[in-house]
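Engineer: Sending over a structure as C-alpha cells; questions will come in a sec.
The values are calculated or read from the model by the stated rules, or taken from the named source; none is laboratory data. Values in this document were obtained by computation on a predicted structure and should not be read as measured data. Here the Cβ is made from the backbone with ideal geometry for all residues, glycine too, and neighbour counts use every protein chain on show.
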Amino acid sequence: MNARIEAIRSYLKVRDIGAVLISAPENRRYLSGFSGSNGYLVISESLAVLATDFRYIEQSKQESPDFEIVRIAAGFEWLTNLMAKSNIKNLSFESDNITVAFHERLATALAENQHEGNSVQLYPVTGICDTLRMQKDETELISLAKAIEIADIALDQVAPTITTKDTESDIALRLDNAMRLIGAEKPSFDTIVASGPNGALPHHRPSSDLILEGAPIVIDMGAMYKGYCSDLTRTVFVGQPSEEFKRVYNIVLKAQQTAMNEARAGMSGGAIDQIARQVIEEQGYAEYFGHALGHGVGLAVHEFPRLGPAAPEEVNNSMVFTIEPGIYLPGSGGVRIEDTVIMKDGLVKQLSKARKAPTF
C-alpha cells in the first residue's frame with residue numbers, strides 16, 4: 001500500500017492541498033486494504049489515518065498495518081482534533097462520493113471547532129484514485145482472475161439446465177447460488193436474466209416471465225472475490241433461434257471479436273468503441289446499439305477506463321476492462337456478449353472463458 005499512499009501524497013503536493021478525506025469504499029480499500037463497511041482515510045504528507053467505529057477496530061489493525069487507527073465515536077470530533085493537532089489548513093474531499101448533507105455537517109463541525117489561526121478550508125476533488133486504479137498490479141490480477149473464474153464456472157453449470165419451465169427469476173437465483181457455492185463473497189451486481197422481448201432492455205430485472213422457446217436469453221452476471229468484481233454476459237437459447245436472431249447474434253459476436261483483435265495499447269476508449277460500433281453500423285443496426293462498448297473492472301464493477309463514443313482515456317497495458325457490444329430490438333429481444341479482458345503486451349487478452357453459443 002505504501003506506493004499507493006505516496007502517489008496520493010504526490011497528488012496533494014502538486015496541488016498544494018494539506019490533506020484529503022477519502023470516503024469512497026473502493027478507494028478506501030484500494031489505499032488501505034480495509035474491507036469494513038464504515039470508515040474514512042485521512043492522508044497528508046505526514047498522516048496516514050484510518051478512522052472507523054468500534055466494530056472494525058481490530059479488523060482495521062489487521063488489514064491496514066500502514067495506517068494509524070482512530071476510533072470514531074460521534075460526529076466529526078475525531079477529524080477536527082486531527083486537523084488541529086496536525087495544523088492542517090485545507091482539506092480536500094471526494095465530491096463525487098459525499099452528499100450535500102454530509103458536506104454541510106462536515107463544514108459546520110470544522111467551523112465550530114476551528115482554533116485561532118487554524119481555520120480549515122474544504123476543497124472538492126474528483127477522480128483522485130481513478131487513474132491509479134486503472135492499471136492493476138499482480139495481487140489485484142490474482143483476485144480478478146478468481147472472480148472471473150467463479151462467474152465462468154457458474155454460468156457453464158447453469159446454462160445447460162435452462163428450460164421453458166424456468167422463469168427469469170429462477171435462473172438468476174440458481175446463478176447467484178452457484179457463484180456463492182464456488183467461492184464468491186456475493187454477486188458483484190444484481191444478476192440480469194432477460195428472455196424474449198425483455199432482452200431489449202439492457203438492464204432488465206429478472207421477472208416471473210417464463211423462458212420462451214427459441215428466444216434469446218441475455219444473462220449478465222458477475223462474482224465478487226476479495227473485493228474484486230467480474231462482469232460477464234452471454235446470450236443463450238433454448239431451442240433454435242429465428243433467422244433474424246441468428247443474424248443478430250453473429251453480428252454482435254463479430255463486433256466483439258473485431259474489437260478484441262484490433263485494439264492496441266495506447267488507443268483511446270473511444271477509438272476501441274468505434275471498431276465494434278462500425279461493424280454493427282455496417283449491418284444496419286446502428287440505432288439498436290445504444291450503450292458504450294465497455295468499462296474498466298476492479299474493486300468496482302464499473303470503473304475507468306471508459307470505452308464509449310469519444311471516451312478520452314488511453315487503454316494501456318495492465319488495464320482490465322470489458323468488451324460488450326449489443327443489439328436490442330424493441331418488442332423482440334436483444335443480444336449482448338461481454339467478456340472481461342486485459343491489455344497485455346500491447347494486445348487484448350481475453351480473461352473470461354464461459355462458453356458462447358456457436359455461430360449460426
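Engineer: Can you confirm whether Asp137 is acidic (Asp, Glu), under 30 Å from Ser46 (Cα atoms) and modelled with pLDDT of 95 or more? Before you say what the answer is, go through the steps one by one.
Structural biologist: Working: acidic (Asp, Glu): yes; under 30 Å from Ser46 (Cα atoms): yes; modelled with pLDDT of 95 or more: yes.
Against the criterion (acidic (Asp, Glu), under 30 Å from Ser46 (Cα atoms) and modelled with pLDDT of 95 or more), Asp137 qualifies.
Engineer: Filter the range 112-158 for residues that are under 30 Å from Val193 (Cα atoms) and touching a Lys or Arg at 6+ places or on another chain (Cβ under 7 Å) and give the result.
Structural biologist: The answer is Ser143, Leu144, Asp152, Leu155, Asp156, Val158.
Engineer: Yes or no: Lys186 surrounded by fewer than 19 Cβ atoms within 10 Å (Cβ to Cβ) and charged (D, E, K, R)? So that I can check it myself, show each step before the final result.
Structural biologist: Values: surrounded by fewer than 19 Cβ atoms within 10 Å (Cβ to Cβ): yes; charged (D, E, K, R): yes.
So Lys186 passes the test.
Engineer: In addition: If you scan the range 26-84, which residues turn out to be part of a helix (DSSP H, G or I), within 26 Å of the chain's Cα centre (by Cα) and either under 18 Å from Gln121 (Cα atoms) or touching a residue at least 24 places away in the same chain (Cβ under 8 Å) (or both)?
Structural biologist: Across the range 26-84, the qualifying residues are Glu26, Asn27, Arg29, Tyr30, Leu31, Ser32, Gln59, Ser60, Glu63.
Engineer: Is it the case, given these coordinates, that Ile17 is at pLDDT below 95, buried (at least 18 other Cβ atoms within 10 Å of the Cβ) and aliphatic (A, V, I, L, M)?
Structural biologist: Spelling it out, Ile17 is indeed at pLDDT below 95, buried (at least 18 other Cβ atoms within 10 Å of the Cβ) and aliphatic (A, V, I, L, M).
Engineer: Any residue in the range 327-342 that is in a loop (DSSP other than H, G, I, E, B), assigned by TED's automatic domain parsing to the domain that holds Arg247, more than 21 Å from Asp152 (Cα to Cα) and touching a Lys or Arg at 6+ places or on another chain (Cβ under 9 Å)?
Structural biologist: no
Engineer: With the requirement that a residue be hydrophobic (A, V, I, L, M, F, W, C) and closer than 23 Å to Lys226 by Cα, what does the range 49-78 give you?
Structural biologist: Those that are hydrophobic (A, V, I, L, M, F, W, C) and closer than 23 Å to Lys226 by Cα: Val49, Leu50, Ala51, Phe54, Ile57, Phe67, Ile69.
Engineer: Residues that are among the hydroxyl-bearing types (Ser, Thr, Tyr), assigned by TED's automatic domain parsing to the domain that holds Leu91 and touching a strand residue (DSSP E or B) at 6+ places or on another chain (Cβ under 8 Å): does the range 132-150 have at least one?
Structural biologist: no
The rows are residues; the columns are (1) touching a strand residue (DSSP E or B) at 6+ places or on another chain (Cβ under 8 Å); (2) under 23 Å from Leu299 (Cα atoms); (3) among the basic types (Lys, Arg).
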residue	(1), (2), (3)
Asp156	no, no, no
Met179	yes, yes, no
Pro187	yes, yes, no
Gly199	yes, no, no
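Engineer: Working carefully through the options Ser37, Ser60, find the one that is touching a Ser or Thr at 6+ places or on another chain (Cβ under 8 Å) and hydroxyl-bearing (Ser, Thr, Tyr). Even if it seems obvious, please write down each step before you answer.
Structural biologist: Numbers: Ser37 fails: touching a Ser or Thr at 6+ places or on another chain (Cβ under 8 Å).
It is Ser60.
Engineer: What number of residues within the range 239-257 satisfy the criterion of being more than 25 Å from Lys349 (Cα to Cα) and either of a type in the set (A, V, I, L, M, F, W, C) or within 30 Å of the chain's Cα centre (by Cα) (or both)?
Structural biologist: 1
Engineer: Out of Ala107, Ala151, I need the residue that is within 16 Å of Val297 (Cα to Cα) and either more than 21 Å from the chain's Cα centre (by Cα) or surrounded by 14 or more Cβ atoms within 10 Å (Cβ to Cβ) (or both). Which one?
Structural biologist: After applying the criteria, what remains is Ala151.
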